[in-house]
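Novice: Okay, here's the structure, questions in a sec.
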Amino acid sequence: MVLEGGALRGLFTVGILDVLMENDVTFDGLIGVSAGAAFGCNMKSRQPGRAIRYNTDYAKDWRYCSFRSYLKTGDLFGGEFDYHYLPRHLDIFDEEAFDKNPMEMHVVCTDVTTGKAVYKQLDKCSYDCYEWIRASASMPIVSHIVKVEGYQLLDGGIADSIPLEYFQQIGYDRNVVILTQPAGYVKEKNRLLPLMRMQLRKYPAFIKAAADRHLMYNAQTAYVKEQESLGNALVIRPHEPIPIGHISHDPEEMWKVYRIGRAVGEEYLQKIIDFLAKP
């Protein structure tokens, strides 16, 4: 399974994943980027309902996501609160289930020094495991660079937004791919590049990757479409643009996106089961 990011558009993905978990649909491996990693980890811990629950429960908590958090900690989405305190004290992440589930989970981050993708398999829960997930979802400008295991990392979507080709290269030749943009979407050049150039001027390779991201992304959507036509991928997309921004403090808006995902998940459930059953 390959999960695109997209910040709170990822609640669309959450709806689909919950339908799959509730119907005991399992996968050999999962790779997530940004929100795809932050929400997809609940697939490995087998916790349907958790991702929509904590997003809506803490939507208005300044520690979870706010400009107050950004001013106070340097992270719009609170790094310590979201990725360490919340999963271990408030909405408990089932670390034992995560560790025991044989499904491989991989995340994608971007190395700010090289501008290249870094891929990490997460086998066991630990402080560093949570930091890899945090790094994958750390959007430039509004997040600290995450330092883990000798790397300096930010949002995996900068270097590899839809890592289908990578997953195929390491042996996953048939994949369910969940995108958070509808068919025909074309990414434009990032309007925030001038701010990135100022804030991350010490990392020219990262700036170049960010400047070229739209080219990489559009090439990847073309590749996904090709693999879909060849029968190597079952691609699930929203039928129309998802009605939510990168940031929201409105639980009802979040529930709306989640329900759209659930409806699509139910629509595709038998197709997914049939696709996975192919020899």
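The values are calculated or read from the model by the stated rules, or taken from the named source; none is laboratory data. Everything quoted here is computed from the prediction, not taken from an experiment. Note: ideal-geometry Cβ built from the backbone for every residue, glycine included; neighbour counts use all protein chains shown. We work out accessible area using only protein heavy atoms, side chains counted, and drop any ligands, DNA or RNA first. Shrake-Rupley method; radii C 1.70, N 1.55, O 1.52, S 1.80 Å.
Novice: In the chain, carbon and sulfur make up what percent of the accessible area (probe 1.4 Å)?
Specialist: 52
Novice: Taking only protein heavy atoms and a 1.4 Å probe, what accessible area per residue, in Å², does the chain have with all protein chains in place?
Specialist: Dividing the accessible area of the chain by its residue count gives 45 Å².
Novice: How large is the translational diffusion coefficient of segment 140-210 in µm² per second when you combine the Kirkwood radius over alpha carbon pairs with Stokes-Einstein at 20 °C and 1.002 mPa s?
Specialist: Translational diffusion coefficient: 147 µm²/s.
Novice: Here's a follow-up. Once you have the Kirkwood Rh of segment 238-278 from its Cα pairs, apply Stokes-Einstein at 20 °C and 1.002 mPa s and quote D in µm²/s.
Specialist: The diffusion coefficient I find is 183 µm²/s.
Novice: Past 24 Å, Cα to Cα: identify those pairs from K72/K147; K60/K147; K72/K208; K120/K147; K225/K278; K72/K187, in the order given.
Specialist: K60/K147; K72/K208; K72/K187
Novice: Please compute the alpha carbon radius of gyration of segment 147-279, then divide it by the globular-protein estimate 2.2 N^0.38 Å. Two decimals is fine.
Specialist: So segment 147-279 has a normalised radius of gyration of 1.23.
Novice: Quick check: convex hull of the Cα atoms in segment 52-195, volume per residue, rounded to a whole Å³?
Specialist: Considering the Cα atoms of segment 52-195, their hull volume per residue is 152 Å³.
Novice: Continuing with the same structure: Using +1 at the Cβ of each Lys and Arg and -1 at the Cβ of each Asp and Glu in the chain, identify which of T73, F98, P251 lies farthest towards the dipole's positive end.
Specialist: About the Cα centre, the residue reaching furthest to the positive side is T73.
Novice: Aspartates and glutamates within cross-link reach of K116: Cα-Cα under 19 Å, excluding same-chain residues under 8 positions apart?
Specialist: E4, E131, E149, D155, D160, E165, D212
Novice: Report, to two decimal places, the Cα Rg of the chain normalised by 2.2 N^0.38 Å (N = number of residues).
Specialist: For the chain, the normalised Cα radius of gyration is 0.93.
Novice: Hey, another quick one. Could you work out [θ]222 nm for the chain from helices alone, using -39500 (n - 2.57) per DSSP H run of at least four and dividing by all its residues? Round to the nearest 500 deg cm²/dmol.
Specialist: About -13000 deg cm²/dmol.
Novice: Place +1 on the Cβ of every Lys and Arg and -1 on the Cβ of every Asp and Glu in the chain, take the dipole about the Cα centre, and give the residue among A7, N232, S126 whose Cα lies farthest towards its positive end.
Specialist: A7
Novice: Next up: Taking the C-alpha atoms of segment 61-106, how large are the radius of gyration and the largest Cα-Cα span, Dmax, in Å?
Specialist: 13.6, 40
Novice: With a Förster radius of 22 Å, plug the Cβ-Cβ distance of Y166 and A277 into 1/(1 + (r/R0)^6) and report the FRET value to the nearest 0.05.
Specialist: Efficiency for this residue pair is about 0.35.
Novice: Output the peptides 226-232, 110-116 sorted from most to least packed, where packing is the average of other Cβ atoms within 10 Å over each peptide's residues.
Specialist: Those peptides, ordered most packed to least, come out 110-116, 226-232.
Novice: Which of the peptides 1-7, 16-22, 145-151 is most tightly packed, and how do the rest follow, going by the mean number of other Cβ atoms within 10 Å of each residue?
Specialist: With the highest mean Cβ count within 10 Å placed first, the list reads 1-7, 16-22, 145-151.
Novice: Using +1 on the beta carbon of Lys and Arg, -1 on that of Asp and Glu, and nothing else charged, what's the dipole of the chain about the Cα centre, debye to 20?
Specialist: In debye, rounded to 20, the chain gives about 960.
Novice: Can you give the Kirkwood hydrodynamic radius of segment 1-85 from its Cα pairs, in Å with one decimal?
Specialist: When all Cα pairs of segment 1-85 are included, the Kirkwood radius is 13.5 Å.
Novice: Can you list, bin by bin at 5 Å, the percent of alpha carbon pairs in segment 22-130, starting at 0?
Specialist: It works out to 2, 11, 19, 23, 20, 14, 8, 2, 0, in whole percents.
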